[in-house]
1. Would you mind computing, in nm to one decimal, how far apart the modelled labels at Tyr277 and Asp91 are, each placed 7 Å from Cα along Cα→Cβ?
2. Would you please give the FRET efficiency between Asn102 and His367, computed as 1/(1 + (r/R0)^6) with r the Cβ-Cβ distance and R0 = 22 Å, to the nearest 0.05?
3. Under the 0.36 nm per residue contour assumption, what length would be gained going from the current alpha-carbon distance of Lys199 and Asp68 to full extension?
4. Could you tell me the relative contact order of the stretch 91-133? Use alpha-carbon pairs under 8 Å, at least six residues apart, and round to a whole percent.
5. Can you give the Kirkwood hydrodynamic radius for the stretch 20-104, in Å, rounded to one decimal and based on Cα pairs?
6. Distance cut-off 27 Å, Cα to Cα: go down the list Lys39/Lys171; Lys103/Lys190; Lys39/Lys190 and report the pairs above it.
7. Could you check the spin-label model distance between Gln135 and Asn179? Points 7 Å from the Cα along Cα→Cβ, value in nm.
8. Amide H to amide H, which residues 5 or more places from Lys103 or on other chains are under 5 Å from it, using H placed in the peptide plane?
Amino acid sequence: MRRITWVLTMVIAFSMLLAACGPKNSADVVKDLDQAVTKMESYKGSGTMTLHTGDKPQEYRVEVWYQDPSYYRIALTNAQRDVTQIVLRNDQGVYVLTPSLNKSFRFQSDWPENQGQVYLYQTLVRSILNDTSRQFVDDKDSYVFDVAANYNTQTLVRQKIWLNKKDYAPKQVQVSDSNANVVVEVKFDKFKFDAGFDKKAFDMQQNLNASTLNSQGTILEVDENGQLVEKTQDPGQADVSGGAKDTAAEPENNKGTEDSVKLPAMNEAFGVIMPTYLPEGVVKKEEKVIEGSENSAVLLRYDGAYQYTLTEGRAADRSVSLAANGQVIDLGFTWGYLTGSDQETQNLAWTVDGLEFNLTSNNLPAHEMIKIAASMQDQTGK
């Protein structure tokens, strides 16, 4: 009898051990994710984001830094044009930086808590935790979740998220529209939790100096450790922040010469870029050059169900810090800044390839503004 009891005890213990070491289900992973994101102190990730919204896919390099409690740095680089924009959050506010133009805009905002981004780990985990009808697949070395998308657009409705089984780091994200077409895709090639940062990694001025020229003609950029380093043609490159020399190879598209950041003259003409999306009941009424403008500005006027104007002009090469009551808008291919409200004049502004765009209206909803701006991605000036 004792022998039978002992055997049963061993069988039960062994069964419990197998259960503990067995594959995790959706509830197990969700519980782990909830605990992990609560305790998370920092991370650093990079990858490629592809937008399937134009005539052909557009690729962008994206680099994401986070440090508890609310420091963020996201660098978005157009792979074809080698132009970088940075959105930064620190104790002073939220900044949208265009280093090649030495321009900065500052907001008092709770971004990104008030809107999600497909490349932010917190956003991905939150979407998994909040969707009680989530779908789950155990796929080789990944856990795959299919959940509702919660982004600042009505176009994106579902997303699939691949997480590494070992540490729950994101591997891939696919965001789809209502027809199950993949609109946005992010593939991470690096992701590290508990990343260390230089004390000035989230400093506005240091990041604004990234990829610009100093008085000696040396290119300055923020390296992977968050330190400002000189990029010269010499194999040994000095760290102007006082750290060790950085001998890493330059990115493939970074020429390391003044030509790589040379901008057109302010009065140089450019091809007007036309939005491919118009709200229903809206037509273009007017297109004209703004007389007396120093930056070849053009105004497009639209009328009908909504009335709005769109101006395009050369972006001035200057540093501007504006404390604006607005919000940062992720347009996919760049960031915009929206000011005003539905009860007053709203303005959506963004900068791409040395051109500055301003979309202004008294009655055009913000989501329509975003759709118009997004439709101008990868358009050729006429």
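The values are calculated or read from the model by the stated rules, or taken from the named source; none is laboratory data. What you see is a predicted model, and the numbers here were worked out from it, not measured in a lab. Cβ placement follows ideal geometry from the backbone for every residue including glycine, while neighbour counts extend to all protein chains displayed. SASA here: full protein model, heavy atoms, side chains in, ligands and nucleic acids out. Shrake-Rupley method; radii C 1.70, N 1.55, O 1.52, S 1.80 Å.
1. With each label point 7 Å from Cα toward Cβ, the separation is 4.0 nm.
2. 0.10
3. Extra length available between Lys199 and Asp68 comes to 45.8 nm.
4. Reported as a whole number, the value is 25 percent.
5. Averaging 1/r across every pair of different Cα atoms and inverting gives 15.7 Å.
6. As for pairs spanning more than 27 Å Cα to Cα, those are Lys103/Lys190.
7. The modelled label-to-label distance comes out at 1.9 nm.
8. Counting only residues 5 or more places away or on other chains, the set is Thr98.
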